[in-house]
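Structure first, commentary second.
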């Protein structure tokens, strides 16, 4: 059942991707003008970063996430990771992570850390 819900979410994302495409383009272009998006999750695992990027993209597309669904957060994450492979949503999330990581890597390190 959860996998069916997740597949519907992914299908909704693909059909409503126009909402997200302009945001992704703005993220890419904004770097040129000094307004970069930063991935603050670089210390987290790749899977966690992927899930946070997916959540961000789903929120832009106004697609329900785990808090709006009949499953708990861990079930949502597990089902999403299983269903996400080789989808446009995964590709977009990975692009977002790459952009956010490259910005984070260019920032000066906090000397107090």
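The values are calculated or read from the model by the stated rules, or taken from the named source; none is laboratory data. All of these numbers come straight from a predicted model, not from anything done at the bench. Note that we place each Cβ from the backbone using ideal geometry, even for glycine, and neighbour counts take in every protein chain shown.
Among the residues of segment 42-85, those that are within 18 Å of residue 102 (Cα to Cα), outside any helix (DSSP H, G or I), modelled with pLDDT of 85 or more and under 15 Å from the mean Cα position of the chain (by Cα) comprise 44, 45. Residue count for segment 86-111, restricted to those that are at pLDDT 85 or above, assigned to a loop (DSSP other than H, G, I, E, B) and either under 25 Å from residue 32 (Cα atoms) or in contact with a helix residue (DSSP H, G or I) (Cβ under 8 Å, 6 or more places away or on another chain) (or both): 1. The set of residues in segment 7-56 that are surrounded by fewer than 16 Cβ atoms within 10 Å (Cβ to Cβ) and under 16 Å from residue 85 (Cβ atoms) comprises 7, 11, 14, 46, 47.
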